[in-house]
Amino acid sequence: FKFRASFSNTATSSINVSGLGSRSITKGAGATALQADDIRSGAIIELTYDPNSGTFQLQSPAGGAVQETGSWTPAIAGKTTAGTQTYTRQIGRYARNNDVVNAWGVVTLSATGATTAGDIAVTGFPFAALSLGNAQWYWACHMMFFASINLGASYTTLNIGIEDGASQALLAKSGSNQPAVTIVPTDLGATTDLRFNCTYRIN
């Protein structure tokens with residue numbers, strides 16, 4: 001059974017075809033429930049009915065048919081209190097190939113928010129990263145350019161990585177013989193400028 005999806009799923013899903021009644025849509029051999037965005041709006045979806053399990057099994061896009069591009073809006077926020085930053089630029093684009101997403105962005109501040117608190121992250125990524133169940137795991141990104149961030153003495157590099165299972169990327173600084181330290185609100189300048197790209201897995 002094939003159809004074009006008119007919306008993306010947000011959780012487990014079911015379908016009623018030809019009077020069968022509501023039947024679950026699963027992946028693989030019928031034992032794995034769908035996760036958010038396994039079915040994407042506009043994609044051609046192929047399902048196979050398994051009478052033994054009484055479920056429809058997703059053949060595509062899980063089989064390798066998702067190719068999608070789009071835009072997203074990067075923002076800078078504190079993890080304890082997001083704060084209200086203002087911007088001169090917020091540009092984000094992404095390309096998805098099955099369960100791999102390449103997202104790139106440009107975000108430039110015109111002012112920081114007075115209430116911003118906690119470690120600083122770039123938020124708004126188009127998909128949450130695959131969770132490996134390890135809070136210390138980060139999906140690596142490349143910081144192509146940065147400006148108006150105070151790294152402090154002995155720190156020379158600004159790093160960015162998408163957090164495990166999250167749709168945000170933590171900012172941290174590093175230097176020779178120095179421990180890695182997260183970026184905090186006082187490190188931000190009024191015109192902080194970040195340009196980066198990230199490649200990560202979803203689902």
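Structural remarks
- Per residue, the Cα convex hull of region 82-138 amounts to 93 Å³.
- Kirkwood estimate for region 92-203, i.e. one over the average of 1/r between Cα atoms, Å: 14.6 Å
- 3J(HN,Hα) couplings calculated from phi for region 2-15 with the Karplus curve 6.51 cos²θ - 1.76 cosθ + 1.60 (θ = phi - 60°) are, in sequence order, 10, 7, 9, 6, 8, 7, 8, 6, 10, 6, 4, 9, 9, 8 Hz; Gly and Pro show x.
- The mean accessible area for residues of the chain, using a 1.4 Å probe and ignoring ligands and nucleic acids, is 50 Å² per residue.
- Segment Phe146..Thr80, full-extension length gain: 21.4 nm, with 0.36 nm per residue of separation and the alpha-carbon distance subtracted.
- Table column - 3J(HN,Hα) (Hz), region 137-152, Karplus curve with 6.51, -1.76, 1.60, x for Gly and Pro: 8, 10, 7, 5, 10, 10, 8, 7, 6, 8, 8, 6, 10, 8, 7, x
- Remark on Val181: its backbone amide H falls under 5 Å from those of Lys173, a criterion applied only to residues 5 or more positions apart or on other chains, H modelled at 1.01 Å from N.
- Within the set (1) 1.00; (2) 1.09; (3) 0.97, the number that Rg/Rh (Cα atoms, Kirkwood Rh) takes when calculated for this structure is listed as (2).
- Put a dot 7 Å past the Cα of Tyr49, heading toward its Cβ, do the same for Phe3, and the two dots end up 1.3 nm apart.
- Theoretical FRET efficiency, 1/(1+(r/R0)^6), r = Cβ-Cβ of Thr73 and Ala135, R0 35 Å, to 0.05: 0.85
- Modelled this way, with points 7 Å down the Cα-to-C-beta line, the labels at Val17 and Thr186 are 6.1 nm from one another.
- Of the two radii for region 51-157, the radius of gyration is 1.09 times the Kirkwood radius, both from the alpha carbons; that is the Rg over Rh value.
- Straight-distance crosslink candidates among lysines, where the alpha carbon sits under 30 Å from Lys173 and sequence neighbours closer than 8 are dropped: Lys79
- Within region 106-162, the proportion of Cα pairs with more than 15 Å between them is 64 percent.
The values are calculated or read from the model by the stated rules, or taken from the named source; none is laboratory data. Here the structure is a predicted model, which means the values were calculated and not measured. Don't worry about glycine lacking a Cβ; one is built from the backbone with ideal geometry, like all the others, and counts go over all protein chains shown. Just the protein is used for accessible areas: all its heavy atoms, side chains included, with ligands, DNA and RNA removed. Shrake-Rupley method; radii C 1.70, N 1.55, O 1.52, S 1.80 Å.
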